[in-house]
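For reference, the structure is listed below as C-alpha cells.
The values are calculated or read from the model by the stated rules, or taken from the named source; none is laboratory data. Computed from a predicted model, the values in this text were never measured in an experiment. Every residue, glycine as well, gets a Cβ built from its backbone with ideal geometry; the counts of neighbours run over all protein chains shown.
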Amino acid sequence: MIKTDKVLDAKGLACPMPIVKTKKAIGEVEPGQVLEIQATDKGSTADLQAWAKSTGHQYLGTKEEGDVLKHYLRKASEAETKEESSYPHVINNDELKTKLGNEDIVVLDVREPAEYAFSRIPGAKSIPLGELEERMSELNEEDNIHVVCRTGNRSDRAAQILSEKGYKNVLNVVPGMSEWDGETEND
Amino acid sequence: MALKEMTAKEVAQKVINNEKLFILDVRNEEAYQDWKIEGESVEIINIPYFDLIEGVDHILDQLPDDTEKLVVCAKEGSSKFVGEQLVEAGVENVSYLQGGMKTWSEHLEPVKIGDLKDGGAIYQFVRIGKGCLSYLVESNGEAMIIDSNRMTEPYKIFANEKGLNVKHIADTHLHADHISGGRKLAEIFGADYYLPPKDATEVTYDYNPLEEGKDLTVGNTKIQVQPIYSPGHTIGSTSFIVDDQYLLTGDILFVKSIGRPDLAGKAEDWVSDLRDTLYRKYKDLSDELFVLPAHFSKMEELSEDGSVIAKLGDLYEKNSGLNVEDEGEFRKLVTENLPPQPNAYQEIRETNMGKINPEDEEQREMEIGPNRCAVEG
C-alpha cells in the first residue's frame, strides 16, 4: 500500500472521464499532496502521463492490480519550480554517487511515500518533509545526513529544519531525484 | 446541427476518393505521433482532449469553415465529448469517428484487382488504417485466402455473398505486425491452412507445409497458385504466382520499398537471402507479373481505386530498394537505421505460433499502430 492523500475512483469509466475526474480531484488536494487514481481504462496511463506533462503535475507511476490501474500523481506547487535555495551546505548528485558505498552516510529522502515507492536511492530512509519534525528522533545528531527530494527544494527546507534543531552534518543534495542517474530501487 | 457519426468505411472511401477531410485528432501526442489517419486530401491537427475539457473556444480559429470536420480519438468517447462541445460552440459539419482508431485499424476494404484467364478473379482486401493487404482468389465457386487479418468477418461476408467454398488459407510467412486470421478462417470454412515449414518450426498446431513445386489449385484446374520460396524477411517467406499473372510477394517486396530482415532477430543472417531473392530469384521471373505485396506504408502507394499493385518490371526500374548495386551498401540499408519495430511484434509472433492466446481485446491492443515492415531504399 502506498500512502496517498486522496483516492479517486474512476473504475469502469471510459475515456475522457478518468481525466475529467482527475482534473477536478487535483483541484481538491493541496500542492505537494499525492492523488491516487484508480481506473480500468487501459488508455488512461498514457493519457495521464501526457496530461501531467502538459500541466506540470508530477506523474509518479502506475501499479497494476488485477484489472485495476492505480495511477499516482503529485500536485505541483509553484515554489517547486523556483530555484531558490538558502541552506548553504550542498552536494551535487555526482558527489553523492561517489560517496555511496564508500562512506558511512545516511540518505534521507523527504519526498512523499508514493514518490519514494516508485524510485529511490538504494537504502535511502524515508521521512516526508511534512513528518520531519515529529519523526526527527529517528535520526542521530551525529549522522552524516544527505537530504534528497526531487529538485532540491523540499530537501533545502528539511536541511534547514535539521540544522536548526542541532544536527551538525547535514548536506542538501542538488538537484536530487529528478536528475538522478545512479542506481535506484523501488517497492 | 447535431454531431454526426462517420464510419471507418466512409473515412476509407474519402481517403481513396481524395475527398477533402479535416481531422481533429484528440488523442495524446505520443499516440498521434506513432500513428494517425493519412491521405492526400486529409488535413489533420492534434489537440489532446484533456486540453479541451474546459472548452473549445481557444481552438475554433484552427478549424476550417467549409470542410467536413472529423473528430478522432482512440475508441470514440473523447471524440464524442469534444465533438459535442464543437457543435455547442456553433461549429457546423462536425462528425466523430465511430469506434475511433481501434475500428479504423480494423477496417478492410475489398478491391477487385482483376480477372483470371480461365474464369474467376483476384481481390485485394486493403486494411487501410494499418497498411495490411490480404488476398482472395476465386474461381468456379472455390476460393483461397492469403495473408488474412485477425478480423475474419469481412472474408466470411464476402465469401458468403459470392457463394464461395474456401478451400485453402495460406500465410506467406509468420507475421510480426498483425495477428493472422488463418487458423480461425480455416476452422470457419473447413479449409486447409498452409504455412512455410521453415517459419513454422515453433508453432503449436497442425498445418500444411507450403512448398515450392507443390502447386495449389483453386476452382478451375487451370488456376494455379505456385509457391516460390523467397526467404529474406523471414527464413520461410514464400511468394505465390497466381494464374501466371500475379506475384504475391508477402513482406519481401513492396511497391515503394523492400522487406526488412530483422523482425525475427536475424537481420545479419538473412541479408544474403533477401538479396538473393530480390536480385536473382524475382529477376528471373517475367517482368509482366503484377506485384501484389502484403503491405503498404504510405497512402501514395494506393492507386485511384484504392488498390496497391505494380508491374515487376516497373519496380526494377523505380523501386530504389531493387537498385542498390553494391552488396555492402545493401547490407547497410537493410540492417542499419531501421525504423522502429512494429508495436508488440514479439507477442504478435508468439500469438501467430499459437504459443500464447490473448483475449480479443488484448489482440486488438497489440495491433494498434502502423505495420513498419518495410525499409526504403
query: Of the numbered conditions (1) farther than 22 Å from B:ILE16 by Cβ; (2) surrounded by 13 or more Cβ atoms within 10 Å (Cβ to Cβ), B:GLY306 satisfies every one except a single condition; which is it?
result: (1)
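Kindly establish whether B:THR7 is away from every other protein chain (no Cβ under 14 Å), within 29 Å of B:ALA344 (Cα to Cα), surrounded by 14 or more Cβ atoms within 10 Å (Cβ to Cβ) and among the hydroxyl-bearing types (Ser, Thr, Tyr). Write out each step before concluding.
Numbers: away from every other protein chain (no Cβ under 14 Å): yes; within 29 Å of B:ALA344 (Cα to Cα): yes; surrounded by 14 or more Cβ atoms within 10 Å (Cβ to Cβ): yes; among the hydroxyl-bearing types (Ser, Thr, Tyr): yes.
Judged against the criteria, B:THR7 is a match.
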message: I'd like to verify a number: residues in the range A:49-58 that are more than 9 Å from chain B (Cβ to nearest Cβ) and crowded, with 18+ Cβ neighbours inside 10 Å, how many?
response: 3
field: Leading residue by the ranking (nearest to the other protein chains (Cβ to nearest Cβ)) among those in the range A:35-48 that are buried (at least 24 other Cβ atoms within 10 Å of the Cβ) and among the hydrophobic types (A, V, I, L, M, F, W, C)
entry: A:LEU48
Tally of residues being buried (at least 16 other Cβ atoms within 10 Å of the Cβ), more than 14 Å from chain B (Cβ to nearest Cβ) and in a loop (DSSP other than H, G, I, E, B) across the range A:1-19: 3
- request: Among residues belonging to the range B:322-377 that are within 18 Å of the chain's Cα centre (by Cα) and hydrophobic (A, V, I, L, M, F, W, C), point out the one that is nearest to the other protein chains (Cβ to nearest Cβ).
  value: B:ILE368
message: Against the definition (touching a helix residue (DSSP H, G or I) at 6+ places or on another chain (Cβ under 9 Å), touching a residue at least 12 places away in the same chain (Cβ under 8 Å) and away from chain B (no Cβ under 11 Å)), how does A:GLU28 come out, yes or no?
response: no
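Residue-wise test of (1) under 25 Å from B:LYS117 (Cα atoms); (2) assigned to a loop (DSSP other than H, G, I, E, B); (3) among the hydroxyl-bearing types (Ser, Thr, Tyr).
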| residue | (1), (2), (3) |
| --- | --- |
| B:SER134 | yes, no, yes |
| B:SER148 | yes, yes, yes |
| B:MET151 | no, yes, no |
| B:TYR155 | yes, no, yes |
| B:PHE158 | yes, no, no |
| B:HIS173 | no, yes, no |
| B:LYS184 | no, no, no |
task: Inspect all residues belonging to the range B:18-29 and state whether any of them is loosely packed, with under 15 Cβ neighbours inside 10 Å, within 27 Å of the chain's Cα centre (by Cα) and more than 14 Å from chain A (Cβ to nearest Cβ).
output: yes
task: Return the residue satisfying two criteria in turn: it lies in the range B:53-75 and is in a loop (DSSP other than H, G, I, E, B), of a type outside the set (Ser, Thr, Tyr) and more than 9 Å from chain A (Cβ to nearest Cβ), and of such residues it is farthest from A:SER54 (Cα to Cα).
output: B:ASP66
- request: Pull up the range B:92-122, narrow it to residues that are crowded, with 20+ Cβ neighbours inside 10 Å and over 28 Å from B:VAL308 (Cβ atoms), then point me to the one that is farthest from the other protein chains (Cβ to nearest Cβ).
  value: B:VAL94
- prompt: Going through the range B:76-91 one residue at a time, which ones are within 14 Å of another protein chain (Cβ to nearest Cβ) and either small (Gly, Ala, Ser) or under 31 Å from the mean Cα position of the chain (by Cα) (or both)?
  reply: B:GLU76, B:GLY77, B:SER78, B:SER79, B:LYS80, B:PHE81, B:VAL82, B:GLY83
- request: Among residues belonging to the range B:332-344 that are in contact with a helix residue (DSSP H, G or I) (Cβ under 9 Å, 6 or more places away or on another chain) and assigned to a helix (DSSP H, G or I), point out the one that is surrounded by the fewest Cβ atoms within 10 Å (Cβ to Cβ).
  value: B:THR335
- prompt: When you look at B:LEU302, is it under 19 Å from B:ASP199 (Cα atoms), touching a residue at least 60 places away in the same chain (Cβ under 8 Å) and within 21 Å of the chain's Cα centre (by Cα), yes or no?
  reply: no
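Which is over 17 Å from the mean Cα position of the chain (by Cα) and surrounded by 19 or more Cβ atoms within 10 Å (Cβ to Cβ), of B:SER134, B:SER148, B:SER139? Working first, answer last.
Working: B:SER134 fails: over 17 Å from the mean Cα position of the chain (by Cα); B:SER148 fails: over 17 Å from the mean Cα position of the chain (by Cα).
None of the others qualify; the one that does is B:SER139.
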task: Using the structure shown, decide if B:THR221 is modelled with pLDDT under 90 and not small (Gly, Ala, Ser).
output: yes
- prompt: Regarding B:ASP34, is this residue without any contact (Cβ under 8 Å) to a residue 60 or more places away in the chain and within 14 Å of another protein chain (Cβ to nearest Cβ)?
  reply: no
field: Given (1) touching a strand residue (DSSP E or B) at 6+ places or on another chain (Cβ under 9 Å); (2) under 22 Å from B:ARG331 (Cβ atoms); (3) surrounded by fewer than 23 Cβ atoms within 10 Å (Cβ to Cβ); (4) of a type outside the set (A, V, I, L, M), index of the condition B:ASP244 fails
entry: (2)
